[in-house]
Every structure is written in structure tokens, then in C-alpha cells.
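The values are calculated or read from the model by the stated rules, or taken from the named source; none is laboratory data. On a predicted model such as this, the values are computed, not experimentally measured, just so you know. Note: ideal-geometry Cβ built from the backbone for every residue, glycine included; neighbour counts use all protein chains shown. Calculation scope for accessible area: heavy atoms of the full protein, side chains included, ligands and nucleic acids excluded. Shrake-Rupley method; radii C 1.70, N 1.55, O 1.52, S 1.80 Å.
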Amino acid sequence: MNDIRFAFRMLTKAPGFTIVAVFTLALGIGANTAIFSVVNALLLKPLPFPAPQQLVAFGMTDTRQKEQTMLGSLSYPDFFDFREQNHTLANIAVYLDRGFALTGEKGASSLHGVKSSAEFFDVLGIKPAIGHTFSRADEQAGGGPGGFKIILSDDFWRQFFGGDPNVLGRTIELDRRLYTVIGVMHPRFQYPIQSDPVSFYVTIAEDASTADGTKPPSEERGMHSLFAIARLKTNTTIEQAQADLSTVAANLEKQYPKTNSYFGVRFKPLREELIGDVRTALYVLFGAVVCVLLIANANVANLLLARASVRGREIAVRAAVGASRGRIIRQLLTESVMLAGLGGLCGLLLAQWGTETLIKTVPQNIPRISDIQLDGVVLGFTLLVSLGTGIIFGLMPAWQASRVDLNTALKSGTRTGSGEHKARLRNGLVMGEIALALVLLICAGLLIQTLARLGHVQPGFRSDRLLTASIQLPRASYPKNESVVAFFNRFLERVRTLPGVESASAIVPLPLSGSNMVTDFDIEEHPLPEGQRAGAPVRMIGTDYFKTMGIPLKQGRVFDETEQLNSPPVVIVNQRFAERYFPGQNVIGKRIQPGFSADDNGEKVREIIGVVGNVKHFSLKNEDSPEMYLLRMQIPISFMSIVIRTSVSDPSNITAAMRAELAAIDPAIPLNSVHVFEEYLARSLARPRFNALLLSIFAGSALLLTAIGIYGVLAYSVAQRTNEIGIRIALGAGQSKIFRLVIGQAMTIVAISVAVGLVGAFAATRLLSSLLFGVGAWDPITFSAIVILIALIALLAAWLPARRAANVDPIVALRTE
């Protein structure tokens with residue numbers, strides 16, 4: 001307590017020193033706490049389910065690929081076989097999230113729901129707060145006894161049913177189909193895949209039958225559209241489950257070579273599948289804030305070293321009256337820990353603000369955003385960081401300050417000489433700061449270049465004045481292909497007549513929406529055995545699509561209105577498709593057979609009638625891939641994205657008119673996901689922009705702290721060498737020579753630091769490779785530019801101390817000394 005009282009008294013006697021030190025530490029600790037809250041929520045905090053280590057995601061892989069990446073989709077028949085034939089999984093379930101139409105007094109609205117197999121909640125180990133979960137009978141055609149079932153989220157239950165505890169047995173109409181409520185989930189339950197808020201859960205019963213007698217989706221082995229999760233049996237490893245289901249997959253390949261050849265199975269921990277490619281970026285950002293904290297520590301350590309020199313007489317008196325070296329170190333460490341504690345408290349305030357800002361700026365496609373908070377784990381981390389920081393930055397100065405020569409210290413007045421060993425320590429700390437700042441700046445420079453180059457990528461179409469929306473037709477109301485085609489034809493005709501609309505069309509999936517569809521195909525001239533076909537992304541489009549999107553026609557012609565459901569099957573390919581599969585040939589008139597199977601019409605041999613420009617469909621980062629376009633009238637799909645080219649500056653102004661036209665056709669169908677297309681472009685750049693912004697902020701903070709550190713060391717050095725400089729000037733040294741002397745000292749420190757920092761940068765940038773685009777990890781321009789920037793900042797930081805040294809009056813300096 002005496003140490004604490006004395007430390008408090010000493011810190012209040014030097015308010016300038018205390019404020020600067022606390023602010024510097026608060027910056028480092030606050031940044032670490034804010035980023036750690038994200039790392040904790042996404043990477044460290046266990047999933048909110050019982051025995052989360054047993055939860056796995058799995059999907060089909062292409063065994064012809066060297067790297068077995070997760071395809072993430074199963075067909076219904078494959079799922080049923082895996083469920084029945086495995087020996088290592090306690091439970092297995094498939095699911096798919098999509099929009100549902102709810103018709104109310106104010107018209108149709110869209111709700112986000114999840115369609116799953118019976119064991120979905122059993123896999124997660126969750127029971128409803130009210131009612132019960134699904135049974136296998138509920139996933140049969142018609143929903144089993146009692147019809148279709150639904151389980152509500154807590155929010156939807158309170159909003160739609162007013163929190164009525166007697167909600168079980170009540171019905172709700174979605175997509176013109178009645179669902180009976182059998183359960184309500186807990187308020188804390190969260191859908192494991194982060195997306196739009198989920199209002200309810202239904203079974204896969206709607207896919208077990210069709211109204212027109214065609215084959216239902218549950219019997220389409222080639223239609224891979226379902227995501228799968230499972231729970232391992234106790235004491236079972238992922239490797240054992242992998243081997244078990246790989247055996248099942250091999251047997252299915254023998255039984256169904258047409259649909260299952262070259263399909264394997266791959267498992268991942270569910271957490272790993274949810275996090276995806278976010279892990280690398282988070283580790284990079286966390287490493288960056290650790291570097292900022294180390295730089296802040298180095299600055300405060302230098303401040304303490306300077307302060308210890310001023311307190312040399314005080315420390316000498318303590319030693320003279322019997323204080324041991326350990327006792328002196330303990331007192332000085334108490335002061336540094338108190339500084340760190342104050343810095344930690346201020347850092348928590350900065351972290352609270354920073355965390356709220358992060359949640360607002362984090363790209364929405366990053367999972368588990370809602371889990372980011374300053375919880376007990378984060379507060380414990382802050383406490384440990386504060387304590388560790390106080391010890392780390394305080395130990396070296398305390399150790400140096402406790403080494404006193406009593407005779408010299410007591411004779412020399414209030415200030416002790418810096419000592420060569422103390423000067424080396426201060427210079428070493430500054431060198432470390434410069435090296436760390438160099439690494440951060442180079443990494444930030446590479447990410448900024450990545451963002452800039454992504455921003456200049458041409459997506460292959462015109463994104464200006466383009467409006468998009470989506471429509472999901474309920475199968476109960478539009479069971480036949482002809483009715484689906486007729487609906488979209490009628491709606492698009494009405495939209496094209498709206499004021500401000502230049503053209504309109506439809507597509508699935510929408511470019512840069514994050515969705516993709518891939519099918520295998522065969523070439524009529526040289527067919528391959530079943531299962532050995534090449535694969536390519538496929539798009540379902542309407543007439544006028546290429547005109548609406550501004551995609552250039554390179555060869556042949558586009559689809560026209562004469563091509564309908566029963567017309568000769570046709571297909572359009574992009575340039576990359578023609579170059580890869582028909583090199584040096586005229587592709588028009590060639591015939592291919594896509595394996596896409598919405599029905600038997602999808603597998604017909606199709607004539608290539610046109611070649612269009614390449615489009616960045618999935619990501620701006622991805623290379624152009626071979627793609628094919630099929631006409632929506634020939635393979636009808638009940639879900640389509642509408643694209644509208646407008647003549648108005650703000651395309652969203654026609655949204656109300658679009659909703660009115662849709663309501664005039666069918667008031668029970670909502671218009672969903674209305675966006676100006678620029679939003680999709682911005683979303684595709686969100687993660688690179690987030691990474692570049694945060695790392696640039698941290699690198700800028702590091703550079704500022706480093707500049708302050710260089711200035712502080714040189715200013716202190718000049719103050720300590722005032723007598724020496726006065727003698728040099730008295731002996732004839734000019735101001736320019738003294739100026740060069742100080743600048744030379746700074747540049748020597750910088751040169752050594754840059755050499756060390758470049759080694760660290762070469763190692764660090766290798767970790768960034770997966771985050772870069774259009775720039776190498778060892779880009780010489782970035783490295784050279786940052787080295788020059790560091791040198792200029794160091795020169796600027798050294799200029800004022802050098803000028804002060806050059807203006808020393810030798811008479812005043814010698815008289816004072």
C-alpha cells in the first residue's frame with residue numbers, strides 16, 4: 001500500500017508524463033481489446049450447442065481435383081443413403097434457407113426460413129422452449145399426419161402470435177400452404193449459418209411430391225442443392241467418419257455411375273466451415289494490433305528511462321539509506337503497473353467504442369457478428385494485457401534505474417548521466433518500433449493495392465443504373481412449367497412499360513450475389529464416358545438479358561422470343577468456354593449436352609447459337625471461367641432474379657411501381673431483395689476494404705507512435721549531450737555539421753531498423769498471400785515506397801532535435817553544465 005500511495009503521488013507530480021504514457025498505452029490496449037473481441041467471438045468462443053466439438057459439416061467433392069475442396073451440396077437420395085448406411089454419425093441432417101411469402105392485410109411480405117430434414121435440431125442438440133421438434137414422418141410427402149409442420153423462432157412467435165403460450169396447433173399460411181405450429185425455439189437459439197434473421201423452420205416435405213406428377217426433387221439424385229451437418233458419435237474422430245462415408249460414396253458411385261462418378265465426401269469441423277476464409281484476415285489484424293501494443297510499450301519504456309535519469313538522485317538516496325535493488329525495482333514496477341492499469345481502463349473505453357464501430361463496419365457476410373461483445377473473456381484478456389504490459393515496459397527501465405553509483409549520483413545533482421548502456425537500450429527500443437512499423441506499413445500497402453486493383457476490375461457488364469430484385473413463386477400455386485413461364489413473361493412485359501425502364505430480364509443466379517450453379521456437360525463431337533464429363537457454371541436467363549446487363553455479343557446471336565419450352569434446345573457460351581473447349585474453331589453450331597436437370601428437358605443436346613463476353617459472376621477476384629447460358633423458358637425455375645436497366649439516376653425510384661405491377665398479377669407474391677446493383681459491387685469489395693482500412697489505421701498509428709519515439713529519443717539525446725555539443729561548437733564546428741551529426745545518428749538507427757524490418761516483412765507478407773489480388777507478396781514497388789516513407793518520417797521526426805542542437809549557445813551550455 002505504501003508503494004501504491006507513493007506511485008500515485010509521483011504520477012500526479014508529473015501530469016504531462018502520466019497523460020502521455022496513459023494515452024499511448026490506452027491506444028495499444030484498446031485496439032488489442034477491440035480486435036480480440038472479434039477473434040474471441042469468431043475463432044475462440046465455442047458454438048452455442050452441446051458438445052460443439054462433435055458437430056461437423058460435410059459435402060461432396062470432385063475426386064479428380066488435387067485439392068479436395070468442399071462443394072457443400074448433397075442431393076436428397078444421396079442424403080437418405082448416407083443417413084441409413086453410415087456407422088459413425090449419431091445424427092445427420094440437411095437444410096436449405098430460402099424466402100417464404102406471407103400474405104397479410106398490407107400485402108405480401110417475405111420472411112426468411114429454413115427448410116430441413118427431421119433431425120436438424122437433434123444434430124445441434126437443441127430442444128424447443130415450447131412443443132417438440134420434427135419427426136421423420138413430418139418430412140414425407142404432404143408433411144405426414146396433420147399436414148405440414150412449422151417451428152417458430154422466439155422473435156417471430158412474439159411478433160406474429162403475441163407470445164401466446166397456447167400457440168401449438170395454430171396455423172400460418174406461407175406460400176399459400178398451411179403450416180401447423182408444433183414448437184417455439186428458445187430466445188438464445190441462433191441459426192448456425194449467419195444470414196438474414198430466421199423466422200421459422202419447416203421440413204423438406206414440400207420437396208417430396210409435385211402437383212403435376214413429375215419426379216419430385218427428393219428423387220433427383222443429380223440435383224445437388226442441400227447443405228449437410230452431422231454430429232459424430234462419442235469417441236469418433238472426423239477421420240473415422242471420413243473413411244466411413246467415403247465407403248458409402250464409393251458404393252453409390254458403382255450403383256449410380258451417371259450421377260455419382262467422381263464424387264467423394266469431405267468433413268470439416270462445423271466451426272471451420274462457418275468461419276471460412278475469415279481466419280487469416282483476423283490473425284493478420286490481431287498480429288497488427290499486437291505490434292501496435294509493442295510499439296506503445298517501447299515508447300513508454302523510453303519515457304520511463306528518461307524519467308529514471310531525472311530521478312537518479314532520488315533513487316540514489318533510497319539506496320543510500322538501505323533500500324535494496326529489489327526493493328527499488330518493486331517500487332518502480334508499481335508505478336509502471338499503475339500506469340498500465342490506467343491505460344487499461346482508458347483502453348476499455350476506447351475498446352467499447354471501437355467494438356461498436358467494428359460491428360457496424362464488419363462485412364455482413366462474416367459469420368457470428370452478433371457474438372462480438374466485451375464479455376468476461378475479453379475483460380479478462382484486457383486485465384492480463386494491462387498487467388503484462390505494465391511488467392514488460394516497466395521491467396527494463398526499473399532494472400536500469402536501479403543500477404546506481406552512489407558517489408556519482410549523489411555528487412551530480414538532480415540529473416544522472418544517461419550512460420552508454422541506457423542509450424543503447426533506448427536506441428534498441430526505437431529500432432524495434434521502426435522495424436514493426438515497417439512490417440505493418442508494407443502489409444497495409446499490399447492490401448491497399450489489392451483493394452485498388454479490385455476496384456478497377458471490369459466485371460464484364462455495366463453496373464450503372466441497374467436495379468435488381470428477386471421473386472420466388474410458391475410451388476403450390478405454380479406447379480407446372482407452363483405456369484412458371486407465363487408468370488415471368490407477364491411480369492417482365494409489365495415492368496418494361498414502366499416509365500424510366502429501358503429494358504428488363506431475369507437470371508439465376510445473379511452475378512456477384514454469392515450464389516453459383518455448376519453442371520457437367522458433354523461435347524457431341526467427342527463424348528466422354530459417364531462420370532468423366534467436364535464441368536462449368538450455368539446461368540438461366542431470359543431474353544434481353546445481355547442487352548439489359550450490357551454484356552457484349554462476340555459471335556452468333558442471342559436468345560429471342562421464338563424460343564420456347566418445346567423449341568429446339570439452344571445454349572449460349574462465353575468466350576472462355578469457346579477458347580477452352582473449341583480452340584481455334586468456329587463454335588457456332590457446335591452441340592453440347594449439359595447435365596443440368598430441372599427436368600428431362602435439361603439434359604437434351606443443345607446447339608450453341610452465340611458467344612458472349614466473359615463476366616465476373618462469382619467474385620471479382622476469380623479468373624474468368626467457362627460458362628454457359630440456358631434460356632429460362634426452356635428450363636423453367638420458380639425462383640428468378642429480375643434485372644432492370646433504367647434511365648433514371650436512382651434506379652430504386654421505380655421500386656414502388658414494380659411492387660404495384662407484381663401485386664396486380666398476384667398479390668400473394670412479395671418482391672424480395674430489391675437492390676441497386678452497385679450494392680453488390682460494394683459488397684464484393686467489403687472484406688478487402690475492411691481488411692485494408694483496419695490494417696492501415698493500425699499501421700498509421702504505429703507510424704505515428706514510431707515518429708514520436710524517434711523524436712523523443714533524439715530530443716533526450718540532444719539534451720544529454722548539450723555539454724558535448726557546446727564544446728564542439730566552441731572548437732569550431734558549424735551549425736550544419738552539428739545538424740548532420742544528429743541527423744546521421746537518426747538515419748543510422750533507421751538503416752539498421754529497415755534491414756531488420758525488411759526481413760520481418762518478407763516473412764509476414766507470405767501470410768497475406770491468400771488476401772492479395774493483382775500484387776505479389778514481395779512487391780518491390782510497395783517495399784521501396786514504404787522504406788522511403790519510413791526514412792522521410794524519421795527525417796522529419798529528427799529535424800527539430802537536430803535544429804535545436806545546431807542552435808545551442810556554447811557559453812550557456814558550458815556555464816549550465
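Here are a few things to note about the model shown:
- Nitroxide proxy distance, nm - points 7 Å out along Cα→Cβ at Leu693 and Met747: 4.0
- Computed E for Glu493/Leu792 - FRET, C-beta separation, R0 60 angstrom, nearest 0.05: 0.40
- Taken over the Cα atoms of the range 448-520, the convex hull encloses 155 Å³ per residue.
- 3J(HN,Hα) along the range 155-167, derived from phi through the Karplus expression 6.51 cos²θ - 1.76 cosθ + 1.60 where θ = phi - 60°, amounts to 4, 5, 4, 5, 6, 8, 10, x, x, 5, x, 9, 6 Hz, with x in place of Gly and Pro.
- Highest average packing first - 681-690, 553-562, 516-525, Cβ atoms within 10 Å: 681-690, 516-525, 553-562
- Cα convex hull of the range 128-268, projected area averaged across orientations, nm²: 11.2
- The range 628-640 - phi-based ³J(HN,Hα) in whole Hz, Karplus 6.51/-1.76/1.60, Gly and Pro as x: 10, 10, 10, 7, 4, 5, 8, 10, x, 10, 6, 10, 9
- Whole-percent P(r), the range 426-565, all Cα pairs, 10 Å bins from 0: 8, 23, 26, 18, 10, 8, 5, 2, 0.
- Helix 481-496 vs. the chain, principal-axis angle (Cα, 0 to 90°, nearest 10): 60
- Residue-normalised accessible area of the chain, given per residue in Å² at a 1.4 Å probe: 44
- Take Leu383: with every protein chain present and a 1.4 Å probe, its accessible area is about 120 Å².
- Apolar share of the accessible surface for the chain: 58 percent from carbon plus sulfur atoms, 1.4 Å probe.
- Cβ-defined net charge surrounding Ala806, 14 Å radius [Lys, Arg +1; Asp, Glu -1]: +4
- Here's how it looks for Lys115: its modeled amide H is under 5 Å from those of Leu96, Asp97, Arg98, Val202, which are all 5 or more places away or on a different chain.
- The range 247-312 - Debye-derived log10 I(q)/I(0), Cα point model, q = 0.26, 0.27 Å⁻¹: -1.00, -1.03
- In this structure Glu356 has an accessible area near 90 Å², from a 1.4 Å probe over the protein heavy atoms.
- Spin-label model distance (nm) - Arg766 vs Glu84, 7 Å beyond Cα toward Cβ: 5.1
- Tensor-based shape of the range 594-737 (alpha-carbon gyration tensor, a/c under 1.5 rounded, otherwise prolate or oblate): prolate
- Eigen-decomposition of the gyration tensor built on the alpha-carbon atoms of the chain gives equivalent ellipsoid semi-axes of 65, 32, 24 angstrom, largest listed first.
- Alpha-carbon centroids, the range 631-646 and the range 250-280: separation in whole Å: 30
- Listed by chain and number, the lysines placed with their C-alpha closer than 26 angstrom to that of Lys616 are Lys66, Lys547, Lys554, Lys590; residues fewer than eight positions away on the same chain are left out.
- Centroid-to-centroid separation of the range 136-158 and the range 754-810 [C-alpha atoms, Å]: 62
- The calculated FRET efficiency for the pair Ala657 and Glu607, based on their C-beta separation and a Förster distance of 45 Å, comes to about 0.75.
- Within the range 688-817, the proportion of C-alpha pairs whose separation exceeds 23 Å stands at 46%.
- Principal-axis tilt of helix 15-39 within the chain, Cα atoms, nearest 10 degrees: 20
- Between Ser649 and Ser324, the contour length at 0.36 nm per residue exceeds the alpha carbon distance by 109.2 nm.
- The modelled label-to-label distance for the pair Leu44/Leu349, using points 7 Å beyond Cα in the direction of Cβ, is 2.5 nm.
- Magnitude of the charge dipole, the range 30-162, Cβ model with Lys/Arg +1 and Asp/Glu -1, debye to 20: 240
- Between helix 2-13 and the chain there is an angle of about 90 degrees, using the helix long axis and the longest principal axis of the Cα atoms.
- Peptide packing for 439-449, 18-28 was compared via the average number of neighbouring C-beta atoms within 10 Å per residue; ordered from the highest value, the list is 439-449, 18-28.
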